[in-house]
Every structure is written in C-alpha cells, then in structure tokens.
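**Student:** Before we start, here is the structure in question, set down as structure tokens.
The values are calculated or read from the model by the stated rules, or taken from the named source; none is laboratory data. These numbers were taken from a predicted model, which means no experiment stands behind them. Glycine gets a Cβ as well: all are built from the backbone with ideal geometry, and neighbour counts include every protein chain shown. SASA here: full protein model, heavy atoms, side chains in, ligands and nucleic acids out. Shrake-Rupley method; radii C 1.70, N 1.55, O 1.52, S 1.80 Å.
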Amino acid sequence: MDHPEEGPDTAVSAVAALDEPTRRRLYDHVVRQPAPVSREDAAAALGLARQTAAFHLDRLADESLLDVVYERRSGRTGPGAGRPAKLYKRSTTQVSVNLPERHYELAGRLLAQAVEESEATGEPVRAVLHRKAHDLGEQLAGQGRTTVLGLLERHGFEPRPDGEAIVLGNCPFHTLAREHTETVCGMNLHLLRGALAGLDESGLQACLAPSPGHCCVRLEPVPSPPAGPAPARGNPDGAHGVFPDGRDGSASGPPRDGDHHE
C-alpha cells in the first residue's frame, strides 16, 4: 500500500539529475507514455542519437526516477525470438525534497488510520491517534541500531543537545502544527514517546515545551526520584521512626516489661 520513498540525500541527487535539459525531456516523454519506451523510440521521438538517449535514460534509472523492464517487442518466444529489449517506464519510487525536511504524508497516514479505526470501534479519534503515533515511534526505533540523536536526525528533527536535554530545531509537521496545534503536537509528542520506548531510553522523557523556532516537543532528563526521609535521631536503622524491636518511635504509653529507663 505504501510507496517506497527515497531518503533525503538520494532524493536531492535524483532531483538534481533532472536539471540537465535533455534528461528532463526524456523523463517527461517516458512518464507520459501508456507503455514502456525503448531507447530507439525515445531517441526518435525527441530527435536524439540513440547513444545519447541511452546514456540519459540509464542515468534516470540509476537515480530511481525510471524503472527498467525487459520485453520482447516482436511477441515471439522460444529459441530464435531474439533478446528482450530494454525498456523504461515511470518509477514506482516516490521522490520528494523538502527543505527544511517535512513529513506531511506520515502525519496524513496516522490521521487517516485514526479516523477509520475510531469509526469502526467507537474509540475517540484523539485516543486512537496517540496510540497509533506511539506504535509508529516504536517501529521507527526498531529500524536498525541507533541512538536517540541518530534517530531524530534521520527523521528530520534536527536535534541539538541543550545541557542534559535535547532541543529539536525542526518540526517535520510544521505547517500542520501551526494550523492544528493541539492535534498535531499531541501526535508528535506520542510519536517521540514511542521512539524513546522503542530505544529503551529511560533517561529522557518527551515533553510539550513550545518555543519560537523549535519543535513543540523537547526531550528532558527524567527527574531523579526524591530521597527518602532522613533517619530519626538516635535510630541507627533509619526505619522511619521504628525502633529495632519493631515499636513505632512516635508511640506513647507506659514502658513494657524489660524496658530500662532511668
């Protein structure tokens, strides 16, 4: 159901390949044809030498902008049918470049899943969205060994250490978050909480902390648990006011047999 998508570096290289005018003309020609196109057909259609067309078509295929298939154009099969021709067609790989990096398709997929499941089960949409986002965060964390900073960098959050915390310099859902702040920032919060859970990162917690020029989520160190109360004076066991023989140190009343008082 999902279309493969190139990473940022690969996508930039693919888009840059289309800056060459002849290559762009060949790409536009191939993707508008109802069937795969041969080198000879492309060269004839654009008035190019076959070698020139072949060079640019192969470059487009190397950049995942076109897919290559092999077919016998004569329709014959078996011995003597000849070698299959190399043909080119539109790639199934989706190439997009956003600077700064944006992931609106991911947000759209989560929101659509939440609406569909809510309609089917009656669970509130926002609750489903938060659960789906958390699950996706765990999945992203499980895609190869990485660190918190590495995972955030890979998905366009532009993390920067800020003391013991991590501030996120970019929001991959920026425009949506500005127009639908509560919904999208809540989704983002649970996405990053899921990522931390998937990485077994117990020293950081994702918190909402909107600030100008940053993502609404910030990763803060988990506070240390509060220290227990100091041992009562004269109570070396430190048992919160309980004597070694088990009596409550705050209890009053007459001494028991065997107690020594002066």
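**Student:** Would you confirm, using the coordinates I've provided, whether R72 is open to solvent by 70 Å² or more (accessible area, probe 1.4 Å), over 36 Å from the mean Cα position of the chain (by Cα), over 30 Å from N170 (Cβ atoms) and at pLDDT below 95? Working first, answer last.
**Tutor:** Numbers: open to solvent by 70 Å² or more (accessible area, probe 1.4 Å): yes; over 36 Å from the mean Cα position of the chain (by Cα): yes; over 30 Å from N170 (Cβ atoms): yes; at pLDDT below 95: yes.
The answer is yes for R72.
**Student:** Pick out the one residue from V128, V167 that is surrounded by 16 or more Cβ atoms within 10 Å (Cβ to Cβ), closer than 24 Å to E116 by Cβ and of a type in the set (V, I, T).
**Tutor:** Working: V167 fails: closer than 24 Å to E116 by Cβ.
After ruling out the rest, the residue left standing is V128.
**Student:** In region 193-215, which residues are within 20 Å of V125 (Cβ to Cβ) and open to solvent by less than 40 Å² (accessible area, probe 1.4 Å)?
**Tutor:** From region 193-215, those within 20 Å of V125 (Cβ to Cβ) are 193-194, 208; that's our starting set.
Selection gives G194 alone.
**Student:** While we're here: What are the pairs, 6+ residues apart or on separate chains, where a residue within region 105-116 that is within 18 Å of E182 (Cα to Cα) and in contact (Cβ under 8 Å) with a residue 24 or more places away in the chain has its Cβ under 8 Å from a residue that is among the small types (G, A, S) and open to solvent by less than 70 Å² (accessible area, probe 1.4 Å)?
**Tutor:** Between residues of region 105-116 that are within 18 Å of E182 (Cα to Cα) and in contact (Cβ under 8 Å) with a residue 24 or more places away in the chain and residues that are among the small types (G, A, S) and open to solvent by less than 70 Å² (accessible area, probe 1.4 Å), the close pairs are L110/A133.
**Student:** Scan region 131-152 for residues that are over 9 Å from the mean Cα position of the chain (by Cα) and within 19 Å of Y104 (Cβ to Cβ) and report the count.
**Tutor:** Taking region 131-152 and keeping what is over 9 Å from the mean Cα position of the chain (by Cα), we get 131-135, 138, 142-150.
Cutting the leftovers down to within 19 Å of Y104 (Cβ to Cβ) gives us 132-133.
Result for region 131-152: 2.
**Student:** Tell me, which residue of region 144-161 that is in contact (Cβ under 8 Å) with a residue 40 or more places away in the chain and open to solvent by 50 Å² or more (accessible area, probe 1.4 Å) is farthest from E101 (Cα to Cα)?
**Tutor:** Among those residues, the one meeting the criterion is T147.
**Student:** Taking region 29-51 as the search range and keeping residues that are assigned to a helix (DSSP H, G or I) and hydrophobic (A, V, I, L, M, F, W, C), which one is surrounded by the fewest Cβ atoms within 10 Å (Cβ to Cβ)? I'd like the intermediate steps shown before the answer.
**Tutor:** Narrowing region 29-51 to residues assigned to a helix (DSSP H, G or I): 29-31, 39-46, 50-51.
Adding the requirement that they be hydrophobic (A, V, I, L, M, F, W, C) leaves 30-31, 42-46.
Numbers: V30: 23, V31: 15, A42: 23, A43: 20, A44: 12, A45: 15, L46: 15.
So, considering only residues that are assigned to a helix (DSSP H, G or I) and hydrophobic (A, V, I, L, M, F, W, C), the one surrounded by the fewest Cβ atoms within 10 Å (Cβ to Cβ) is A44.
**Student:** Look through region 79-95, keep the residues that are assigned to a loop (DSSP other than H, G, I, E, B) and surrounded by 14 or more Cβ atoms within 10 Å (Cβ to Cβ), and return whichever of them is modelled with the highest pLDDT. Give the derivation first.
**Tutor:** Initial filter on region 79-95 (assigned to a loop (DSSP other than H, G, I, E, B)): 79-84, 91-93, 95.
Among the residues that remain, those that are also surrounded by 14 or more Cβ atoms within 10 Å (Cβ to Cβ) are: 91, 93, 95.
Values: S91: 94, T93: 88, V95: 84.
Per the criteria, the residue is S91.
**Student:** Here's another thing I want to ask about it. Within region 175-187, does at least one residue satisfy the condition of being in contact with a Leu (Cβ under 6 Å, 6 or more places away or on another chain), farther than 24 Å from V97 by Cα and hydrophobic (A, V, I, L, M, F, W, C)?
**Tutor:** no
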